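Okay, structure first, notes after.
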Amino acid sequence: MTADLGNIALWIALVVAVYGAVAAIVGHRQGRPALLDSAYNGVLVHCALVTMALLSLEYALITSDFSIQYVVFNSSRNYPVWYKIAGLWGALEGSLLLWAWMQAVLAALVVLLYWRKHLAFLPYVIAVLMGISAFFVLVMLIPANPFTQHFPVPLEGRGLNPLLEDTSMLVHPLLLYSGYVGFTVPYAFAMAALITGRLSAEWLYITRRWAVTAWMFLTAGIIYGGWWSYHVLGWGGYWAWDPVENASFMPWLAGTAYIHSVMTQEKRGMLKVWNLALISLTFALVIFGTFLTRSGILTSVHAFTQGAVGYFFLALLAVILLSTVTLLTLRADQLKTEGTVDSVLSRESAFLFNNLLLITFCFTLFLGTIFPLLAEAVRGVKVSVGAPYFNYVAGPIALGLLFLMGVGPVIPWRGGSWGGLGRNLLGPGVVGLAAGATAFVLGIRGPSVVATYAVAVFVAAIAVQEYYRGIRARRKTAGEGPLRALGQLFARNRRRYGGLVVHLGVALLAIGIASSSTFQVQREQMLKKGEALEAGSYRVRFDGITGSRGPTHVKVQGIFTVFNDRHEAGQMTPALRFYPRQQEPIAEVDYWIGFWEDLYVILGSFDREGNWAVIKVMVNPMVSWIWMGGAIMVLGTLLALWPARFRSAAVRGERS
Amino acid sequence: MTLTWKKLLVPLSVLPVLFLLAYGFRTDPRQVPSPLIEKEAPPFALTLFDGEHLSLEKLRGKVVVVNFWASWCVPACYEEAPVLEAAWRAYRDSDVVIVGVNVQDTEEAAREFMRRFEFSFPNGPDPRGKISIDYGVYGIPETFILDKEGRIAYKHIGAVTAETLSEHINRLLGEAPRMEDRRKGHERKT
């Protein structure tokens, strides 16, 4: 019953999406406003239908309706309701439904926001968005149907993969998908611009917020994914250069390049082809990532099960790449640049270098990710490309990017004088060098770490200096108090000052990554009862074992007393969770998060009588800076996105 | 905006990437050759569900098929269960033993599974997962075929088919009896 409802909703949604795409174009070409209106309505109906399908599956999950195979494989009666809900995106079919739903909601938002606006673009935007939506619905109807029925109806479901039983499951996938899906709107407008030949910066202005919002969600999703990995997977790290992680990072890099280079087109009329190419690349990489995770062509800890879905996504990727590149080639003559780079010392050249580095980074990742495939195709050997390659190539590029991030915001458009630049860079440069020197004096010798500290502090100092100067100027000219001046800075140039906050976040992030990957202390030992292990300034004593029964598993906890500098600091209880259907137990890490360092304890194995246990203790320095940096990046983006009218209305209200 | 041949070449430049990705479908990244092939099979002793004891060492001189299964492994174990039972009935008179190792399961569910597929070959649980660890079992089901000297001759990942089983068993027996024919013979007898 529920399954039929879902299937019927999806079939009609498919028909409506195709109708919407065709009606939008025909209505526009033949000048039939009624047909165009019906296309707009089609988008809304499509959204309602996919919502119905989504609710059907959620209903089945929440009520543990095991006549639907997806519910059997991804839910359990014992689950709290949140995990039942999260089961929707626990596996391939449901995650596609979530994706299709977000896609549908986005299209509906576009239609509602731009009703009778941007009439030259919107028919094509609708056609592209509905085309993508139709694709996702089609995939659900043919190779990956979430409503496939299961017979005989079992009494109990198999439950999610135990690693997904975490509250992060409620956050990370949603953030990431919002980011992925969000980029389809700028892509659709870019396509509309290419098809209609309206190649001015108009499409950029319309989609700026969409792109930045999508970027923010993607950023938050990636960093939250790191946090999930760190506190759940129990290996002490947050990033492993796994193909699927790379698959999320590549569109982020391309998207980052895009949100920077658009400014060059807005201000100078340059890089038109480049911007169109970048947003298309970003979107293509999103689909490439989806293809990677769902086709089974590469091994990854995050991969979904494989199947015919891969062929569909490869076909979509082919359509996107071929159509976009063809359109770009056809329009190349009309995309002549208006301005030129007048000086190496200009904002536009800084953006150019920034783009160059970001795309190099992206290409390097792409190469490393698909290299195993290439090697097997060409030489027939199985190879794997691991973290050493990525760390080796990523370090220098990231450092270069970090440096440009500091310099970029203080170089004027069109070019500045060396003297002016010197004045802007002198203070922060000295502070950065001083930070590097301090690190050296404190005994830190790794050149890459010292360099990262120096450059990151330089970036942070630039941000602080720009704030200080802005506030000082406003205090002089408008006679405002410091807080009010700060508010006014944001009100008047949200993008610049929000962006500087984001840069500050990146600086923290860089310091956190450099420190935690260089100075991690790791000890592993078998402890008899009463024995202790030392790591850094900590002593961890083994006191015994306790067991308890959770809703889906049996949990064995090790009890450890922790001393810091000989003072008793508390108790830690890392655990192993035994699931009836898993070969290996799953480690539950216990951790203390601190500003300067985290203590991280993992239970390896144990004796049933509690006489001994094997534990691994890690002291991870400054990992929390990564989470703080991520939060600041999101905050900065929000500041940059804050609606102008709302803000000035608030300011007016204050005055009256 | 005219499409010339020269311009057409630009979009075609994405084709190599697409072909490479398509090539990925032909390979299975999980299909890593097992280091155990041609090595002596790790010995084990099994307490069977019927209470008997089985020791791998005692089976030296016979071709042994070791199958790791679980009642929750849907659908692969359900697909291969009839195949295994049929092979056992076909080959039981010719120095072939099939041993089922039940992994990470409850006894009740395992017995129900065996009743359902009318298992008559020796099956026993691996309560601590020791045997599956020794054999490097990565996922369920996996099947190992041991030659008469007790070496692992072949490892199969996923549901095993009648063709694969008979091909390897016949090769190791050094003869070529057809499994299909044998099964028919068996049915005639009963």
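The values are calculated or read from the model by the stated rules, or taken from the named source; none is laboratory data. Just so you know, these numbers come straight off a predicted model, no measurement behind them. Glycine gets a Cβ as well: all are built from the backbone with ideal geometry, and neighbour counts include every protein chain shown.
Does A:LEU278 meet the test of being at pLDDT 90 or above, farther than 22 Å from A:GLY629 by Cα and either within 14 Å of another protein chain (Cβ to nearest Cβ) or outside any helix (DSSP H, G or I) (or both)? Give the steps one after another, and end with the answer.
Values: at pLDDT 90 or above: yes; farther than 22 Å from A:GLY629 by Cα: yes; either within 14 Å of another protein chain (Cβ to nearest Cβ) or outside any helix (DSSP H, G or I) (or both): no.
Considered against the rule, which asks whether it is at pLDDT 90 or above, farther than 22 Å from A:GLY629 by Cα and either within 14 Å of another protein chain (Cβ to nearest Cβ) or outside any helix (DSSP H, G or I) (or both), A:LEU278 comes out as no.
On the given criteria, is A:VAL393 within 14 Å of chain B (Cβ to nearest Cβ), out of contact with any Cys (no Cβ under 6 Å at 6 or more places or on another chain) and either surrounded by fewer than 18 Cβ atoms within 10 Å (Cβ to Cβ) or under 30 Å from A:LYS267 (Cβ atoms) (or both)?
No, not satisfied.
Condition first: of a type in the set (Phe, Trp, Tyr) and closer than 16 Å to A:LEU96 by Cα. Now tell me which residues in region A:38-73 satisfy that.
Applying the first criterion (of a type in the set (Phe, Trp, Tyr)) to region A:38-73 yields A:40, A:59, A:66, A:70, A:73.
Those that are of a type in the set (Phe, Trp, Tyr) and closer than 16 Å to A:LEU96 by Cα: A:TYR70, A:PHE73.
Using the structure shown, decide if A:GLY395 is touching a Ser or Thr at 6+ places or on another chain (Cβ under 7 Å) and small (Gly, Ala, Ser). Lay out the reasoning, then the answer.
Working: touching a Ser or Thr at 6+ places or on another chain (Cβ under 7 Å): yes; small (Gly, Ala, Ser): yes.
Spelling it out, A:GLY395 is indeed touching a Ser or Thr at 6+ places or on another chain (Cβ under 7 Å) and small (Gly, Ala, Ser).
Looking only at residues in region A:570-589 that are more than 26 Å from B:ASP126 (Cα to Cα) and surrounded by fewer than 17 Cβ atoms within 10 Å (Cβ to Cβ), which one is farthest from the other protein chains (Cβ to nearest Cβ)?
A:GLY570
Might you check whether a residue that is on the phi > 0 side of the Ramachandran plot, within 14 Å of another protein chain (Cβ to nearest Cβ), surrounded by fewer than 19 Cβ atoms within 10 Å (Cβ to Cβ) and outside any helix (DSSP H, G or I) occurs anywhere in region A:152-170? I'd like the intermediate steps shown before the answer.
Initial filter on region A:152-170 (on the phi > 0 side of the Ramachandran plot): A:159.
Narrowing further to those that are within 14 Å of another protein chain (Cβ to nearest Cβ): A:159.
Now drop any that are not surrounded by fewer than 19 Cβ atoms within 10 Å (Cβ to Cβ), which leaves none.
Among the residues of region A:152-170, not one is on the phi > 0 side of the Ramachandran plot, within 14 Å of another protein chain (Cβ to nearest Cβ), surrounded by fewer than 19 Cβ atoms within 10 Å (Cβ to Cβ) and outside any helix (DSSP H, G or I), which makes the answer no.
How about region B:6-32: which of its residues are facing chain A (nearest Cβ under 7 Å) and at pLDDT 70 or above?
Correct list: B:LYS7, B:VAL10, B:PRO11, B:VAL14, B:LEU18, B:LEU20, B:LEU21, B:ALA22, B:TYR23, B:GLY24, B:PHE25.
Among (1) out of contact with any Lys or Arg (no Cβ under 9 Å at 6 or more places or on another chain); (2) under 29 Å from A:SER38 (Cα atoms); (3) crowded, with 24+ Cβ neighbours inside 10 Å, where does A:ALA134 come up short?
Condition not satisfied by A:ALA134: (3).
Of everything in region A:401-429, what is in a helix (DSSP H, G or I) and either more than 19 Å from A:LEU500 (Cβ to Cβ) or within 25 Å of the chain's Cα centre (by Cα) (or both)? Give them in sequence order. Spell out how you get there, then give the answer.
As a first pass, look at region A:401-429 and keep what is in a helix (DSSP H, G or I): A:401-410, A:418-429.
A:LEU401, A:LEU402, A:PHE403, A:LEU404, A:MET405, A:GLY406, A:GLY408, A:PRO409, A:TRP418, A:GLY419, A:GLY422, listed by residue number.
Among B:ARG115, B:ARG92, which is under 20 Å from A:PRO154 (Cβ atoms) and of a type in the set (Lys, Arg)?
On the way: B:ARG92 fails: under 20 Å from A:PRO154 (Cβ atoms).
Residue meeting the stated conditions: B:ARG115.
Of all residues in region B:120-143, which are surrounded by fewer than 21 Cβ atoms within 10 Å (Cβ to Cβ) and more than 14 Å from chain A (Cβ to nearest Cβ)?
Within region B:120-143, B:SER120, B:PHE121, B:PRO122 meet the criteria.
Out of A:LEU374, A:LEU399, A:LEU442, A:LEU421, report the one residue that is among the aliphatic types (A, V, I, L, M) and touching a residue at least 60 places away in the same chain (Cβ under 8 Å). Don't jump to the end; show me each part of the working.
Details: A:LEU374 fails: touching a residue at least 60 places away in the same chain (Cβ under 8 Å); A:LEU399 fails: touching a residue at least 60 places away in the same chain (Cβ under 8 Å); A:LEU442 fails: touching a residue at least 60 places away in the same chain (Cβ under 8 Å).
The conditions single out A:LEU421.
Here are A:TYR70, A:TYR19, A:TYR40, A:TYR59: which of them is among the aromatic types (Phe, Trp, Tyr), touching a residue at least 60 places away in the same chain (Cβ under 8 Å) and either in contact with an Asp or Glu (Cβ under 9 Å, 6 or more places away or on another chain) or under 19 Å from A:LEU138 (Cβ atoms) (or both)? It would help to see each step written out before you state the result.
Numbers: A:TYR19 fails: touching a residue at least 60 places away in the same chain (Cβ under 8 Å); A:TYR40 fails: either in contact with an Asp or Glu (Cβ under 9 Å, 6 or more places away or on another chain) or under 19 Å from A:LEU138 (Cβ atoms) (or both); A:TYR59 fails: touching a residue at least 60 places away in the same chain (Cβ under 8 Å).
The unique qualifying residue is A:TYR70.
Quick check on A:PRO388: is it over 28 Å from A:HIS260 (Cα atoms) and either in contact (Cβ under 8 Å) with a residue 40 or more places away in the chain or within 20 Å of the chain's Cα centre (by Cα) (or both)? Talk me through it step by step, then tell me what you get.
Working: over 28 Å from A:HIS260 (Cα atoms): yes; either in contact (Cβ under 8 Å) with a residue 40 or more places away in the chain or within 20 Å of the chain's Cα centre (by Cα) (or both): no.
No: the conditions fail for A:PRO388.
Could you identify the single residue in B:ALA70, B:ALA81 that is at pLDDT 85 or above and within 14 Å of another protein chain (Cβ to nearest Cβ)?
On the way: B:ALA81 fails: within 14 Å of another protein chain (Cβ to nearest Cβ).
Just a single option satisfies the conditions, and that option is B:ALA70.
If we only count helices (runs of 4 or more DSSP H) wholly inside region A:1-112, which ones have 1 or more residues that are farther than 23 Å from A:PHE147 by Cβ? Give the derivation first.
Numbers: elements: A:2-29, A:33-62, A:69-74, A:81-86.
Hits in region A:1-112: A:2-29, A:33-62.
Quick one: count up the residues across region A:317-350 that are facing another protein chain (nearest Cβ under 9 Å) and either in contact with a Pro (Cβ under 7 Å, 6 or more places away or on another chain) or hydroxyl-bearing (Ser, Thr, Tyr) (or both).
Number satisfying all stated conditions: 6.
From B:ALA110, B:ALA90, grab the single residue that is within 14 Å of chain A (Cβ to nearest Cβ) and either of a type in the set (A, V, I, L, M, F, W, C) or more than 30 Å from A:ASN161 (Cβ to Cβ) (or both). Steps first, please.
On the way: B:ALA90 fails: within 14 Å of chain A (Cβ to nearest Cβ).
Selected residue: B:ALA110, the only one of B:ALA110, B:ALA90 that is within 14 Å of chain A (Cβ to nearest Cβ) and either of a type in the set (A, V, I, L, M, F, W, C) or more than 30 Å from A:ASN161 (Cβ to Cβ) (or both).
If I filter region A:446-460 for residues that are in contact (Cβ under 8 Å) with a residue 12 or more places away in the chain, surrounded by fewer than 20 Cβ atoms within 10 Å (Cβ to Cβ), among the polar types (S, T, N, Q) and more than 20 Å from A:LEU509 (Cα to Cα), do I get at least one hit?
Checked against the condition, which is being in contact (Cβ under 8 Å) with a residue 12 or more places away in the chain, surrounded by fewer than 20 Cβ atoms within 10 Å (Cβ to Cβ), among the polar types (S, T, N, Q) and more than 20 Å from A:LEU509 (Cα to Cα), region A:446-460 yields no hits at all.
Residue-wise test of (1) surrounded by 20 or more Cβ atoms within 10 Å (Cβ to Cβ); (2) aliphatic (A, V, I, L, M); (3) within 26 Å of A:THR213 (Cα to Cα); (4) modelled with pLDDT under 90.
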{"site": "A:ILE68", "(1), (2), (3), (4)": "yes, yes, no, no"}
{"site": "A:VAL72", "(1), (2), (3), (4)": "yes, yes, no, yes"}
{"site": "A:PRO80", "(1), (2), (3), (4)": "no, no, no, yes"}
{"site": "A:GLY94", "(1), (2), (3), (4)": "yes, no, yes, no"}
{"site": "A:LEU97", "(1), (2), (3), (4)": "yes, yes, yes, no"}
{"site": "A:HIS118", "(1), (2), (3), (4)": "no, no, yes, yes"}
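Looking at A:VAL212, is it under 30 Å from A:ILE8 (Cα atoms) and of a type outside the set (Gly, Ala, Ser)?
Numbers: under 30 Å from A:ILE8 (Cα atoms): no; of a type outside the set (Gly, Ala, Ser): yes.
Criteria not met by A:VAL212.
Report, ordered by the first and then the second residue, all pairs with beta carbons closer than 9 Å, sequence separation of six or more or different chains, a first member in region A:343-363 that is within 18 Å of A:LEU276 (Cα to Cα), and a second member that is at pLDDT below 90 and of a type in the set (Asp, Glu).
A:GLU348/A:ASP342
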